[in-house]
1. Modelled label-to-label distance, residue 279 and residue 321, 7 Å Cα→beta-carbon offset: nm?
2. Assuming a viscosity of 0.890 mPa s and a temperature of 25 °C, what translational diffusion coefficient in µm² per second does Stokes-Einstein assign to the range 340-427, Rh being the Kirkwood radius over Cα pairs?
3. Lys/Arg Cβ at +1, Asp/Glu Cβ at -1, dipole of the range 376-506 taken about the Cα centre: which of 478, 448, 388 is farthest positive-ward?
4. Along the range 279-293, what does the Karplus equation 6.51 cos²θ - 1.76 cosθ + 1.60 (θ = phi - 60°) give for ³J(HN,Hα), rounded to whole Hz, x for Gly and Pro?
5. When the Karplus curve 6.51 cos²θ - 1.76 cosθ + 1.60 is applied with θ = phi - 60°, which whole-Hz ³J(HN,Hα) does each residue of the range 369-374 get, with x for Gly and Pro?
6. What are the residues whose amide H is under 5 Å from the amide H of residue 283, where those residues sit 5 or more places off or on another chain and H is modelled from the backbone?
7. If you take the beta carbon distance between residue 241 and residue 421 as r and set R0 to 30 Å, what does 1/(1 + (r/R0)^6) give as a FRET efficiency, to the nearest 0.05?
8. Among the lysines, select those whose C-alpha is under 20 Å from the C-alpha of residue 502, and discard any that sit fewer than 8 residues away in the same chain.
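Throughout, read-outs are computed from the coordinates displayed, never taken from laboratory work. Not measured: the values here are computed from a predicted model. Virtual Cβ from ideal backbone geometry, glycine too; neighbours counted across all protein chains shown.
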Amino acid sequence: MSSRATPSAPGSGQPAAAAEEEEAAMMPELSDSSGDEAWEDEEDRAEPQISCLFCERLFSSAEDTFFHCELVHQFNISNIIHKHALEFYGYIKLINFIRRKKPPAEYLNSLSSPLPWEEEEYLKPELEDDLLLQFDVEDLYESTNISHPNGLSDNTAVLAQLKCAEQRAKLAETALGRAQEDLQKMRQFAQDFVMNVDVRSSSSSSSAIAELQDDEDGVYFSSYGHYGIHKEMLKDKIRTESYRDFIYKNSHIFKGKVVLDVGCGTGILSMFAAKAGAKKVIGVDQSEIVYQAMDIIRLNNLEDTITLVKGRIEEVDLPVKKVDVIISEWMGYFLLFESMLDSVIYAKDMYLAEGGSVYPDICTISLVAVGDRNKHADTLAFWDDVYGFNMSCMKTAVIPEAVVEIVDPKTLISEATVIKHIDCHTTSIPDLEFSSDFTLMITENTECTAVVGYFDIFFEKNCHNSVMFSTGPQCPKTHWKQTVFLLENPISVRTGEGLKGKITVLKNRKDPRSLIITLALNNTKQTYSLQ
């Protein structure tokens, strides 16, 4: 990590803490009575308020604002000014760009030419009376002067450093307090979920639930801001090559068309569409990865075709009124986990032109029975005797949790059956909660220890070359794996018989991105959470 200069008092080049100390030393002492008057006068004067570039904190000076940005957000304005040789107008554009686009500090620190704020539009103030725009950029150049201005002694410099350290400690303590509050919210969310089995029951604390949902959204989008999850998806050849083959082998669908990529991530689907001849591609993503995607688009010289927009598709303003094609890789575990299909449906209803297409267009969810006594014993019987102690009460926590893992195809004991068919052109959001009766045709004499769910994806409408892929246990592995619903008590089954059941899939009312799944088999009913 590169060293960062300490923010300075305007025009002095000395540390802010030292400047305050020197100023205090130069002021005459006040008597008790004059002190009261001074405090009253101070209260009468309203201090200017400057908002942080990256959070909602307010400060009374530009120096304090920049100091906070460096300490808490690892953004050193002086380093950026020097790195890109920004003069007054470049500085103005930088501040307005950050205010408008809200990029993370990591993105700004990693930038090289061309700079994304070079357009003249960023000369227009994003905030009215933004005091940061009135700050003299020359002070930022002077802030890197490491000598002691005005002949400050070494002792004075040490005191200044101590005051800076004290301020850093206070800010760190505040940040820790906020993190602890966030952690407590998440703990309370988990506790409420465990204690509230009836997910359909009404709640008197709807405002608190809404706040928790906002927190969950933040965690969700934050997770997609890290490169690791995108690397995992890109390395999934079944997933990525299926989309590539569909687009390249059916370029007639994209040539000369306007394409919308919902949840664009690193922009891989947008770039496939651009290479297939799309006239215009608009990628939308709420997570911070969109800033890296902008760099990726520029590196591949596709910025004239692809435009990226940060935000939820439900909230952003697109540069076009209608699109011809919508593409999206929205699928989650058990297909519907994460509820991103909701956003694709919104985009379809809001932006898809008449006669337009959504891809993938057909999706199915299937179930298959598993007989794996060893796995069942390892998962449940383990708790009966743990180093001589009975921990069987843990089973009540283990059973209701659906597990996402790779299933050994040798343990399958039935034919698969489809329980849900989705046509993305006609489906609506209410359709994504459903109940379905099913029958699993057993293929051997054994015990059914679990039911496994997976999904299949199809690209078919107007295709000259149809493409599909499956996430089933008998197919090549994908990062979606399979979803396992473990039975508390195994069911004896025989070859040729039909194991009848019913499955109900609902969104969790406290966290709509997760699912509540109820499985009825052989006169028993179990409820699982997928989160």
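1. 1.4 nm
2. Values: Rh = 17.1 Å.
Approximately 143 µm²/s, per Stokes-Einstein.
3. 478
4. In residue order, the calculated couplings are 6, 8, 10, 10, x, 10, 7, 8, 7, 5, 4, 4, 6, 5, 4 Hz.
5. Result, ordered by residue: 8, 10, x, 9, 4, 4 Hz.
6. 261, 307, 308, 309
7. Step by step, r from the Cβ atoms, then E = 0.75.
8. Straight-distance partners of residue 502: 420, 525.
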